[in-house]
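One structure is given here, and the rest of the page talks about it.
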Amino acid sequence: MPTRRILLWCLGLLIAVPLLGQAATVATQESGGWSARRWDSAGLAPDPTVVRDAVIQAYAARVWGWRGVFAVHSWLAVKPEGAAHFTRYEVIGWGGEVVRISNGGRPPDGYWAGNQPEKLLDIRGPEAARLIPEIERAVADYPGRDRYIIWPGPNSNSFVAHIGREVPDLRLNLPPTAIGKDFLVDSFLVGTAPSGTGLQLSLFGLAGMTLAATEGIELNLLGLTIGLDLARPALKLPGIGRLGMPAIDE
């Protein structure tokens with residue numbers, strides 16, 4: 001068998017097997033509408049009445065239904081020093097404006113349609129206090145605030161990735177299942193990686209490549225990511241996400 005054909009078969013298996021595994025997981029979800037699922041706190045964020053320091057956190061959780069085979073929804077939550085609650089920033093494609101800002105109305109670490117969130121980022125103290133105004137400016141200047149496209153973007157993950165590019169000191173490392181993160185909202189073909197630690201090529205989020213100190217090596221095909229994290233060794237696969245070390249220390 002020619003080498004090229006073997007490589008294509010291997011690539012196909014790396015995409016298909018993880019997706020089939022995740023599809024089996026989604027198929028076992030309890031029946032019922034998404035609105036009836038859990039949206040309360042998962043207990044991952046600090047209590048603002050106890051932790052007075054500034055806090056920045058990022059989360060991702062599987063989306064509801066069959067789309068959860070492929071993708072997560074991501075968002076940011078910040079708490080200035082001494083604030084009584086978190087402010088949650090995210091993009092949602094239904095029921096109002098695209099960019100949603102919740103000042104204490106929604107838990108910073110809430111379940112997403114019954115799916116438990118994963119913490120992607122946790123910065124506290126003076127560094128968080130310094131970066132929060134930069135995040136607020138990046139949210140206000142987000143160029144995709146008048147449009148939402150589930151695939152290939154701009155969507156919720158495109159929004160969070162944009163914040164990461166605008167505030168590189170966050171060193172934001174979005175999971176491979178954050179479909180839309182590679183859609184360059186404010187540039188064409190060439191941009192910085194969401195972590196700000198490297199570069200990426202992206203053709204409208206449909207095909208591209210990322211080389212960065214934080215993300216490692218990532219290939220994007222139709223929004224699906226295959227990659228290798230070298231800094232915190234892990235294999236990145238569609239559907240499953242990371243296999244190896246977690247992206248951050250818990």
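Throughout, read-outs are computed from the coordinates displayed, never taken from laboratory work. This structure is a prediction, so every number in the text was calculated from the model and none was measured. Virtual Cβ from ideal backbone geometry, glycine too; neighbours counted across all protein chains shown.
In a DSSP loop and with at most 16 other Cβ atoms within 10 Å, the chymotrypsin sites (Phe, Trp or Tyr not before Pro) in segment 155-250 are Phe188, Phe204.
Which of the listed residues, Pro108, Phe204, Ala140, is farthest toward the dipole's positive end in the chain, when Lys, Arg count +1 and Asp, Glu count -1 at the beta-carbon? Result: Phe204, furthest along the dipole toward the positive end.
Counted by neighbouring Cβ atoms within 10 Å, the residues Leu237, Leu131 run from fewest to most as Leu131, Leu237.
Under DSSP H, which helices of the chain have Cα atoms covering 30 Å or more of the helix axis and a Kyte-Doolittle average no less than 1.0?
The qualifying helices are 3-27.
The modelled label-to-label distance between Ala83 and Ala207, using points 7 Å beyond Cα along the C-beta direction, is 4.2 nm.
Just so you know, the Cα atoms of segment 38-244 work out to an Rg and Dmax of 15.8, 46 Å. Of interest is the spacing of the C-alpha centroids, which for segment 166-193 and segment 32-83 amounts to 20 Å. Taking the fewest neighbouring Cβ atoms within 10 Å as the starting point, the ordered list for His162, His85 is His85, His162. Computed over the chain, the per-residue total of -39500 (n - 2.57) for DSSP H runs of n ≥ 4 gives a 222 nm mean residue ellipticity of -7000 deg cm²/dmol, rounded to 500.
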